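Some notes on the structure that comes next.
The values are calculated or read from the model by the stated rules, or taken from the named source; none is laboratory data. Keep in mind it's a predicted model, so treat the numbers as computed, not measured. Here the Cβ positions follow ideal geometry from the backbone for every residue, glycine too, while neighbour counts run over all protein chains shown. Each accessible area value is taken on the protein alone, full model and side chains, heavy atoms only, with ligands, DNA and RNA left out. Shrake-Rupley method; radii C 1.70, N 1.55, O 1.52, S 1.80 Å.
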Amino acid sequence: MPIKKVEGNDRDLLTKMYGEMLLIRRFEEMAAKAYAQGKFGGFCHLYIGQEAVGVGALNALRADDYVVSTYRDHGHALQRGLDPAALLAELLGKKTGIVQGKGGSMHFFSKEKNFMGGHGIVGGHVALASGIGWSIRYRKKDQVCICFFGEGAANIGAFHEGLNLASLWNLPVIFICENNHYSMGTPEYRSLSVADVSIRAVAYDMPRDHFHGGDVLDVEQKVKKYVDAARAGEGPALLEISTYRFRGHSMSDPAKYRTKDELETYKKMDPLRRAYDTLTESGVPEKDLARIESEVNNKLEQSLKFAEDSEAPPPSDLYSDVYVP
Ligand SMILES: Cc1ncc(C[n+]2csc(CCOP(=O)(O)OP(=O)(O)O)c2C)c(N)n1
């Protein structure tokens with residue numbers, strides 16, 4: 001896609017979203033480094049390459065709206081304003097972590113920010129999003145819920161149950177399939193009976209859209225149309241946004257199932273590079289963008305220090321916040 005110059009409000013919004021994408025990118029690079037240094041273990045799924053989808057889509061929301069995410073949740077959580085210091089502390093298993101060091105990378109959560117997880121079970125959270133939509137309607141609120149998932153999750157039963165009820169009950173939920181073309185090492189052509197996930201909306205009588213997620217401003221504008229409609233009582237929609245993850249599925253995946261050429265082709269479409277080039281071509285001075293970069297780096301360095309200096313939870317915490325029926 002050729003670069004289009006931007007001006008006025010669009011230029012301001014793109015500058016803001018560039019900073020937000022950069023925060024996510026640098027946060028994840030920091031997380032990857034800390035993981036490689038053995039500062040934490042377990043699962044860790046990076047969002048690098050997909051930032052324009054989360055940042056664009058979540059800019060279409062209000063602060064009191066809801067978000068449900070997968071195990072690939074760092075970017076979505078940061079974009080909803082969860083504190084990077086508490087998120088890094090969570091990765092490091094510290095008591096000051098966003099869920100007191102008990103959830104780790106896949107289970108970021110904040111009731112205060114209506115960020116309803118971080119979920120490890122592929123597709124299971126799609127039904128939870130419909131539950132949140134139902135709760136919004138029951139309470140007669142005009143909030144909206146965005147639910148993110150991958151194309152692999154669209155083959156799970158809970159996806160179909162969730163979409164069916166959302167449509168039947170006209171719930172304000174926007175289902176966003178971030179199609180990065182691989183479910184772990186399985187390419188989409190080996191798992192999807194119909195290549196276009198968004199087509200599944202037809203079975204549930206809801207609007208659908210399918211577009212590329214490399215231009216953050218374009219994502220924001222397209223998603224906003226569906227968010228506004230849901231808020232106005234017009235019900236759910238299924239959006240498929242094509243994207244690509246530059247790293248392996250998780251930290252333990254060397255991603256040998258795809259070619260170097262394929263990866264390089266997608267890296268040339270890096271959404272951060274695109275935003276940067278659009279801004280400079282639209283007259284934003286490079287020094288303004290360098291200032292954003294140094295603010296992001298400072299914030300993250302302080303956040304990492306906070307996480308490293310924080311206490312580990314005492315062993316007795318093993319018995320708190322545990323539900324035993
Ligand atoms: C019900 C269930 N089955 C299998 C897994 C193991 N698993 C974790 S991630 C994943 C791939 C999911 O791919 P996709 O939905 O396309 O999302 P992506 O990881 O590409 O963002 C699988 C199979 C799981 N966590 N839950």
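Summary table below
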{"read-out": "Per-region count, region 178-229, residues under 22 Å from G75 (Cβ atoms), of a type in the set (A, V, I, L, M, F, W, C) and either open to solvent by 70 Å² or more (accessible area, probe 1.4 Å) or away from the ligand (no atom under 16 Å from the Cβ) (or both)", "value": "7"}
{"read-out": "Pair list, Cβ < 7 Å and 6+ apart or interchain, from region 169-184 residues that are closer than 20 Å to F246 by Cα and of a type in the set (G, A, S) to residues that are within 7 Å of the ligand (Cβ to nearest atom) and open to solvent by less than 30 Å² (accessible area, probe 1.4 Å)", "value": "S183/G150; S183/E151; S183/G152"}
{"read-out": "Any hit, region 33-43, residues being assigned to a loop (DSSP other than H, G, I, E, B), modelled with pLDDT of 95 or more and buried (at least 18 other Cβ atoms within 10 Å of the Cβ)", "value": "yes"}
{"read-out": "Selection count, region 113-135, where residues are open to solvent by less than 30 Å² (accessible area, probe 1.4 Å), within 17 Å of P172 (Cβ to Cβ) and part of a loop (DSSP other than H, G, I, E, B)", "value": "1"}
{"read-out": "The lone exception for A85 - which of (1) over 24 Å from K305 (Cα atoms); (2) surrounded by fewer than 24 Cβ atoms within 10 Å (Cβ to Cβ); (3) not polar (S, T, N, Q) it fails", "value": "(1)"}
{"read-out": "Yes/no for E262 being out of contact with any Pro (no Cβ under 6 Å at 6 or more places or on another chain) and open to solvent by 90 Å² or more (accessible area, probe 1.4 Å)", "value": "no"}
{"read-out": "Test for F109: is it open to solvent by 10 Å² or more (accessible area, probe 1.4 Å), among the aromatic types (F, W, Y) and more than 16 Å from the ligand (Cβ to nearest atom)", "value": "yes"}
